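Peer 1: The structure's right below; bear with me while I get my questions together.
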Amino acid sequence: MAHHFEIYKDKAGEYRVRFKYNSEVMFATEGYSSKASAQNAIDSIKSNGPGAEVVDNS
């Protein structure tokens, strides 16, 4: 699998999502109190991400 979302529990017991591409973490989310909220974050990224514009602040 070249890329995938991963839900995991951090040391504080919160659920987090990270996106990996070729085993490299590209981004990670904030902590969520429930697994359902972490899944909602994935769903939101999938539905809203493809149309997101790029803002270059360099």
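Peer 1: Please give the strands (runs of 3 or more DSSP E) falling wholly within the chain in which 2 or more residues are surrounded by 10 or more Cβ atoms within 10 Å (Cβ to Cβ), among the aliphatic types (A, V, I, L, M) and out of contact with any Gly (no Cβ under 8 Å at 6 or more places or on another chain).
Peer 2: Because the criterion is at least 2 residues that are surrounded by 10 or more Cβ atoms within 10 Å (Cβ to Cβ), among the aliphatic types (A, V, I, L, M) and out of contact with any Gly (no Cβ under 8 Å at 6 or more places or on another chain), the strands (runs of 3 or more DSSP E) in the chain that meet it are 24-28.
Peer 1: List pairs: first in the range 33-58 and in contact (Cβ under 8 Å) with a residue 24 or more places away in the chain and under 14 Å from K9 (Cβ atoms), second surrounded by 10 or more Cβ atoms within 10 Å (Cβ to Cβ) and β-branched (V, I, T), Cβ under 9 Å, 6+ apart or cross-chain?
Peer 2: K35/I7; A38/I7; A38/V17; A38/T29; Q39/I7; Q39/V17
Quick note: the coordinates plus some simple rules give every number you see, no bench work behind them. The structure presented is a predicted model; accordingly, all values stated were derived computationally and were not measured. Every residue, glycine as well, gets a Cβ built from its backbone with ideal geometry; the counts of neighbours run over all protein chains shown.
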